[in-house]
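*Asks:* Dropping the structure in here first, questions after.
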Amino acid sequence: MTDDLLVGLDPAWERGDPSQLIPDNHRERVAELKTRDPLLAEAYERWAEVLAGAPTIRDLEQRTTMVLGRERGALTKALAGIPKLPIEQRRVWGAGLNSAKLGLEGIRDLRRVDLEASAESRTTAGLDVTLPGRRPWVGRRHVLAQVQDELLDLFHGLGYSVYTSPEMELDEYNFGKLNFAPDHPARDAHDTYFVDPAVLLRTHTSPGWVRAMEEREPPLRLVFPGRVYRAEQVDASHMDQFHQMDGLCVGPDVSMADLKGTLDTFARAIYGAQVRTRFIPIYFPFVEPGAQLDVSCVICDGTGVRRSKDGSSRCAVCKGTGWLEVLGSGMVHPNVFRAVGYDPEKVSGFAFGMGLERIAMLRYDVPEIRLFLENDLRFLGQFPS
Ligand SMILES: [Zn+2]
């Protein structure tokens, strides 16, 4: 019977030392098996050594099949033969084979853990640390955020602080207190997103003036950056949301000359020191008088003509006029001061408002306003950060 136990064991198989896997337990079990049958103990040791010495997981599986496999395993066959043995041998062999089986299963499991761990460390050892690394993708500020930061820097230098107000605004703040007549066309549902009859998405950043003046006493020097909404048909030059920055300066003796000086400084900082400016009258309900600021065209240097090797052509950016419309401004209307509780006899002020998209489009020659909101990295990645 002990000869059968070694069937399938290949003498060429590498042997290992099982007592390194389970030091005390292994010796105890060999001693115990020797008391039952020295030949069983010998067969157990041989199998234990080839399992402990299996060089790969594949070899370990093959050897396990030969000794413990459900069909071909030497121990399985020996256990199946026990009922044929004389009665006095049945107990000795039954207990001995079961003990051997338990021991071999333990050695198989521990050897598998060792082999898996060393396979894992080989994978790590294959790591080539001299290969160049993969750079993580780094984002940058959106071009409109860059323009806004640049303007905030400029106005901060002129003594202005930032004031932010809600994007969802009361009709009264967006229109009424800014001297819009009740039947003004901007209040039409076709032009403005109304949330309910008294609440809307602000159409400009100017409601911030009203909130700031109701909250604070003059003098004030504030800028109001933010997103605004209009119920526009979206096309190359119109979006239903865009960005503005208003400015407001209120004090006991603020004049139109202060407005012109401030906006000239702004124009030279943004469009270059050589730029020329002009003011032309324009109407807004919340200023009196109102003035539109134009700067000389930065593309054709104010000539209206673009010269090239092939000859001259009309400048497409300023449409041949030599001037670019930049922003709206004016002296704060006395009715606005009255609406916030200021006395127009005691304070005066100027205000201005500009579109950030327009500034970015002119500076970077962007043909479509929609590009700013499409989040296409091929577009956004072109701007220096
Ligand atoms: Zn031009």
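The values are calculated or read from the model by the stated rules, or taken from the named source; none is laboratory data. This structure is a prediction, so every number in the text was calculated from the model and none was measured. Reconstructed Cβ throughout: ideal geometry from the backbone, glycine too, with neighbour counts over all protein chains shown. Each accessible area value is taken on the protein alone, full model and side chains, heavy atoms only, with ligands, DNA and RNA left out. Shrake-Rupley method; radii C 1.70, N 1.55, O 1.52, S 1.80 Å.
*Asks:* If contacts are Cα pairs under 8 angstrom and at least 6 residues apart, what is the relative contact order of the range 91-217 in percent?
*Replies:* Details: 53 pairs, mean separation 26.3, N = 127.
Relative contact order, the range 91-217: 21 percent.
*Asks:* A further question follows. If the elastic network links every pair of Cα atoms under 10 Å, which of Ala41, Ala257, Ala316 fluctuates the most in the Gaussian network model of the chain?
*Replies:* Ala41
*Asks:* Per residue, how big is the convex hull of the range 107-229 when only Cα atoms are used? Give it in Å³.
*Replies:* Working: hull volume 35.5 nm³, N = 123.
Enclosed volume per residue, from the Cα hull, is 289 Å³.
*Asks:* Placing unit charges on C-beta atoms (Lys and Arg positive, Asp and Glu negative, everything else neutral), compute the dipole magnitude of the chain about its Cα centre in debye, rounded to 20. Please list the in-between numbers first.
*Replies:* Numbers: 46 positive and 55 negative charges, 215 e Å.
Value, rounded to 20: 1040 debye.
*Asks:* What net charge is computed for the residues neighbouring Tyr193, neighbours being all others with C-beta under 13 Å from the C-beta of Tyr193, Lys and Arg scored +1, Asp and Glu -1? Spell out each step's value before the answer.
*Replies:* Numbers: positive: Arg187, Arg202, Arg227, Arg230; negative: Glu167, Glu169, Asp171, Asp188, Asp191, Asp196, Glu232, Asp240.
That sum, taken over residues with Cβ under 13 Å, equals -4.
*Asks:* Write down Rg/Rh for the range 157-264, rounded to two decimals, with Rg from the C-alpha atoms and Rh from the Kirkwood relation over Cα pairs. Don't skip to the answer; put the middle values down first.
*Replies:* Details: Rg = 15.1 Å, Rh = 15.1 Å.
Rg/Rh for the range 157-264 comes to 1.00.
*Asks:* Still on this structure, I have one more. How long is the gain from Leu377 to Leu158 if the chain were fully straight, where each residue apart is worth 0.36 nm and the alpha carbon distance is subtracted?
*Replies:* Details: separation 219, 0.36 × 219 = 78.84 nm, distance 3.45 nm.
Computed gain between Leu377 and Leu158 is 75.4 nm.
*Asks:* Another question about this same structure. Hey, what did the range 207-330 get for relative contact order, percent, Cα under 8 Å, at least 6 apart?
*Replies:* On the way: 175 pairs, mean separation 20.5, N = 124.
With pairs under 8 Å counted, the relative contact order is 17 percent.
*Asks:* OK, next. Write down Rg/Rh for the range 6-108, rounded to two decimals, with Rg from the C-alpha atoms and Rh from the Kirkwood relation over Cα pairs.
*Replies:* Values: Rg = 13.2 Å, Rh = 13.7 Å.
A ratio of 0.96.
*Asks:* Moving to a separate point now. Determine, at each q value in 0.11, 0.20, 0.21 (inverse angstroms), the log₁₀ of I(q)/I(0) that the Debye formula gives when each Cα of the range 37-172 is one equal point scatterer.
*Replies:* -0.64, -1.17, -1.22
*Asks:* Show Val138, Val317 ordered by accessible area, largest first, where the area counts protein heavy atoms only and the probe is 1.4 Å. Each step should come with its number before you reach the end.
*Replies:* Values: Val138 115, Val317 50 Å².
Largest accessible area first, the list is Val138, Val317.
*Asks:* Can you tell me the dipole magnitude for the range 116-195 around its Cα centre, using point charges on the Cβ only (Lys, Arg +1; Asp, Glu -1), in Debye to the nearest 20? The partial results should precede the final answer.
*Replies:* On the way: 7 positive and 13 negative charges, 107 e Å.
So the dipole magnitude of the range 116-195 works out to roughly 520 debye.
*Asks:* I would also like to ask the following. Once the Cα atoms of helix 143-157 and of the chain are each reduced to a long axis, what angle between those two axes, in degrees from 0 to 90 to the nearest 10, is obtained?
*Replies:* Here the helix axis deviates by roughly 50 degrees.
*Asks:* Can you give the FRET efficiency for Glu71 and Glu116, using 1/(1 + (r/R0)^6), R0 = 35 Å, r = Cβ-Cβ distance, to the nearest 0.05? Provide the component values of the computation, followed by the final result.
*Replies:* On the way: r = 26 Å, r/R0 = 0.74.
Once the sixth-power term is evaluated, E becomes 0.85.
*Asks:* Further question: Positive end of the dipole of the chain, charges at C-beta (+1 Lys, Arg; -1 Asp, Glu), about the Cα centre: which of Ala212, Val92, Phe155 has its Cα farthest in that direction?
*Replies:* Val92
*Asks:* Now for a separate question. Compute the accessible area per residue over the range 42-180, keeping the other protein chains in place, probe 1.4 Å, unit Å². Please report the intermediate quantities before stating the final value.
*Replies:* Values: 8400 Å² over 139 residues.
Heavy-atom accessible area per residue stands at 60 Å².
*Asks:* Turning to a different aspect of this structure: Report the net charge of residues surrounding Val143, where surrounding means a beta-carbon distance below 14 angstrom and charges are Lys +1, Arg +1, Asp -1, Glu -1. Numbers along the way, then the final one.
*Replies:* Numbers: positive: Arg140, Arg141, Arg358, Arg363, Arg370, Arg378; negative: Asp149, Glu150, Glu357, Asp365, Glu368, Glu374, Asp376.
Around Val143, the charge tally is -1.
*Asks:* Follow-up question, since we're still on this one. Please identify, among Pro83, Pro252, Pro344, the residue showing maximal mean-square fluctuation in a Gaussian network model of the chain using a 10 angstrom Cα cutoff.
*Replies:* With Cα springs under 10 Å in the chain, the top fluctuation among Pro83, Pro252, Pro344 is at Pro83.
*Asks:* What number do you get for the range 104-154 when its Cα radius of gyration is normalised by 2.2 N^0.38 Å, N = residues? Each step should come with its number before you reach the end.
*Replies:* On the way: Rg = 26.5 Å, N = 51, 2.2 N^0.38 = 9.8 Å.
Rg over 2.2 N^0.38 Å, computed on Cα atoms: 2.70.
*Asks:* Based on the Cβ-Cβ distance from Asp188 to Glu215, what FRET efficiency comes out when R0 is 30 Å, to the nearest 0.05?
*Replies:* Numbers: r = 30 Å, r/R0 = 1.00.
Computed FRET efficiency for Asp188 and Glu215: 0.50.
*Asks:* A further question follows. For the pair Asp253/Arg268, report the inter-label distance in nm, with labels modelled 7 Å from Cα in the Cβ direction.
*Replies:* Taking the two extended label points, one gets 2.4 nm.
*Asks:* Between 0 and 90 degrees, rounded to the nearest ten: what's the tilt of helix 87-125 against the longest Cα principal axis of the chain?
*Replies:* In the chain, helix 87-125 runs at an angle near 30 degrees to the longest axis.
*Asks:* Still on this structure, please answer the following. Please sort by residue number the trypsin sites (Lys or Arg not before Pro) in the range 52-122 whose DSSP state is loop and whose Cβ has at most 15 other Cβ atoms within 10 Å.
*Replies:* Numbers: sites: Arg58, Arg63, Arg70, Arg72, Lys77, Lys84, Arg90, Arg91, Lys101, Arg108, Arg111, Arg112, Arg122; in loops: Arg70, Arg72.
Filter output for the range 52-122: Arg70, Arg72.
*Asks:* Now, a different point. Please report, in cubic angstrom per residue, the volume enclosed by the convex hull of the alpha-carbon atoms of the range 1-50.
*Replies:* Working: hull volume 2.9 nm³, N = 50.
Considering the Cα atoms of the range 1-50, their hull volume per residue is 58 Å³.
*Asks:* Helix 57-68 sits at what angle to the longest principal axis of the chain, using alpha carbons and giving 0 to 90 degrees rounded to 10?
*Replies:* Once rounded, the angle reads 40 degrees.
*Asks:* Could you state the principal axis extents of the C-alpha atoms in the range 116-184, from the largest down, to the nearest angstrom?
*Replies:* Computed over the range 116-184, the largest-to-smallest principal extents equal 82, 32, 18 Å.
*Asks:* Still on this structure, I have one more. Name the most mobile residue of Glu61, Glu357, Glu214, meaning the one with the largest mean-square fluctuation, in a Gaussian network model of the chain with Cα contacts below 10 Å.
*Replies:* Per the Cα network of the chain with a 10 Å cutoff, Glu61 tops the list.
*Asks:* Related question: With a 1.4 Å probe and all protein chains left in place, how much of the accessible area of the chain comes from carbon and sulfur atoms, in whole percent? Before the final figure, lay out each step's value.
*Replies:* Values: 10800 of 21280 Å².
It is 51 percent, rounded to a whole number.
*Asks:* Still on this structure, please answer the following. Calculate log10 I(q)/I(0) of the range 277-365 for q = 0.14, 0.17, 0.23 Å⁻¹, where I(q) comes from the Debye formula with a single equal point scatterer on each Cα and nothing for solvent.
*Replies:* The computed values of log10 I(q)/I(0) come out as -0.61, -0.77, -1.06.
*Asks:* Follow-up. Could you state the orientation-averaged shadow area of the convex hull built on the Cα atoms of the range 236-385, in nm² to one decimal? Each step should come with its number before you reach the end.
*Replies:* On the way: hull surface 45.6 nm².
For the range 236-385, the mean projected area of the Cα convex hull comes to 11.4 nm².
*Asks:* Given Cα pairs under 8 Å that are at least 6 residues apart, what percent is the relative contact order of the chain?
*Replies:* Values: 571 pairs, mean separation 49.2, N = 385.
The normalised contact order for the chain reaches 13 percent.
*Asks:* Translational diffusion coefficient, Stokes-Einstein: compute it for the chain using the Kirkwood radius over C-alpha pairs as Rh, at 37 °C and 0.692 mPa s, and state it as an integer in µm² s⁻¹.
*Replies:* Numbers: Rh = 28.6 Å.
Stokes-Einstein gives a translational diffusion coefficient of 115 µm²/s.
*Asks:* A further question on this structure: Starting from the Cα of Arg370, move 7 Å in the Cα-to-Cβ direction to define the label point; list residues of the range 199-234 whose amide nitrogen is under 14 Å from there.
*Replies:* 233-234
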